[in-house]
Structures are given as C-alpha cells and as structure tokens.
1. What FRET efficiency comes out for the pair residue 189/residue 101, r = Cβ-Cβ distance, R0 = 41 Å, nearest 0.05?
2. With a 1.4 Å probe and all protein chains left in place, how much of the accessible area of the range 1-155 comes from carbon and sulfur atoms, in whole percent?
3. DSSP loop chymotrypsin sites (Phe, Trp or Tyr not before Pro) in the range 46-88 with at most 13 other Cβ atoms within 10 Å of their Cβ, which ones?
4. Where in the range 100-203 are there trypsin sites (Lys or Arg not before Pro) that are in a DSSP coil and have at most 14 other Cβ atoms within 10 angstrom of their Cβ?
5. Which percent of the Cα-Cα distances in the range 12-72 go past 12 Å?
6. Can you spot the aspartates and glutamates whose alpha carbon is less than 16 Å from residue 50's alpha carbon? Ignore those fewer than 8 places along the same chain.
7. Counting only GluC sites (Glu not before Pro) that sit in a DSSP loop (anything but H, G, I, E, B) with at most 15 other Cβ atoms within 10 Å, what is the longest stretch of the chain containing none of them?
8. Taking the range 1-106, how much of its Cα-Cα pair set, in percent, is spaced more than 16 angstrom apart?
Amino acid sequence: MNLTKIITKKLEHKKDEPRAYIGASSIGNACDRAIWYGLHKPDKKIVTAKQRITFEIGHKLESMLVEMMVAAGLLITTPYVYACREYPMFQGNADALLVDWTTKPICIIEIKTAKDASFRIFQAKGVRLWYPEYYDQMQSYMGMSGVHSATIIAINKDTSDLHDEEIQFDEERYQFLVKKAKRIGESETEPPRVNQSPSFFRCKLCFYQKECHGINNVSRETIARES
C-alpha cells in the first residue's frame, strides 16, 4: 500500500470553502488581481498537496501556541469574525484575543510559522519589512474590531524559537486598506496583472496562476507562502 499516493491524491482533490468576502489575510497582497480572483473566482484556486500539508502543519503549531498561552495563565478567547463597518465585505478572523478578567479585550494575537531564514528576518527587521501582508492583516483586524493593540508571534519551524512584536494601530493605513478592498470588491472586471510574465516570483507562487496567465507550465511545487 502506497500511503503517500493515497494522501496526496486525497489532498489534491480537496476544495476550499469559498469566501464571499475579501479577507484581512489577503488584503496586503501586492496583486489586486489575485485578491479579485479570491472573491469572484474562488473555484479557480489551485492548491497543491504539498502546500496543504504545510498549511496544516502551520495550523497545528498555531493551536499549540494558543494552548501554551492559556497554560501560562493568559485569558485567551477565540474572536468572532470581524467586519469593516465602511465596507462589510471586508472581513477577518484573528487567531486569538487576549482579554482581562472582565473579558474586556486587551490585545489581538496573530500567530505565524516560519522557516529559519525567514524567522531571522522577522527578528532583525520587524514584521513590516518581513511580511508587509502580515502588517496589513494586523491593521485590518485592529480597525475592524476597535481593539487598537495587536501582537504577532512567530515560531521558527526549524529551531522552535519564538519571537513576537507589538503593533500599534495606524488609522491612515487602515483607511487605505478599506478603500483598496472596496475598489477591488466593486470592480466588475479583473484588475491588471502585477506582472505579465508567469515566471515572475509573485505569479509563480500564486494560487490563481493558471487562471490569470492561461498556462500552467511553471512548477508550483514551491510552497506559496508560510501560513
């Protein structure tokens, strides 16, 4: 019995539940077209078996860190889905919410995983230079929820080291993201490509490469993005 083939075949045929909204986790994407596809053509999303395994590992590690925070005595709740008041189709769901003994929100918590080289960039340069998409994701959560304090914590998948950074709310950045979401969501046609070449690094890693460029001759075995 070839278990690898069985698992791979199952994962390759798995379909994600479509999202009828623009997510906070995607709004920081430099490609408006990819965000538009996520809203208007979710069925065209192609995720490899290897990517799904990587994402699942990330989810398990995130759950483990939440359990450790609770064990350390922190009061943690799982937040509900936040929605933007100005544009309700712009939504997000953070990993955890730190509260006080009255359940008053203190801080939004987002958990990420990273390979060692990527993790070290986070340590040295901070989240905004490490992954601007994560910074925008956090700004989105804070703006939608009204909880204007957030912390991102990352676990190094190679060494098990931890690093966190506190992020303050930037109203100007949040309003920029709201306008971006509204512009993309209300567009009846596909925005321009971020690059005309399917071998451009962002395009190679995009779940909508085939739909966008009409070809699929570039290897997609590279993991798209660490969860």
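The values are calculated or read from the model by the stated rules, or taken from the named source; none is laboratory data. Here the structure is a predicted model, which means the values were calculated and not measured. No Cβ is skipped: glycine too gets one built from the backbone with ideal geometry, and neighbour counts run over all protein chains shown. For accessibility, only protein heavy atoms count, side chains too; no ligands or nucleic acids. Shrake-Rupley method; radii C 1.70, N 1.55, O 1.52, S 1.80 Å.
1. The formula returns an efficiency of 0.20 here.
2. Details: 4860 of 8340 Å².
Within the range 1-155, the accessible surface is 58 percent carbon and sulfur.
3. 80
4. For trypsin sites (Lys or Arg not before Pro) across the range 100-203 that sit outside H, G, I, E and B with at most 14 neighbouring Cβ atoms in 10 Å, the list reads 115.
5. 75 percent
6. Straight-line reach from residue 50, under 16 Å: 12, 16, 221, 226.
7. Longest stretch, sites excluded: 87-185.
8. Values: 3986 of 5565 pairs.
Percentage above 16 Å: 72.
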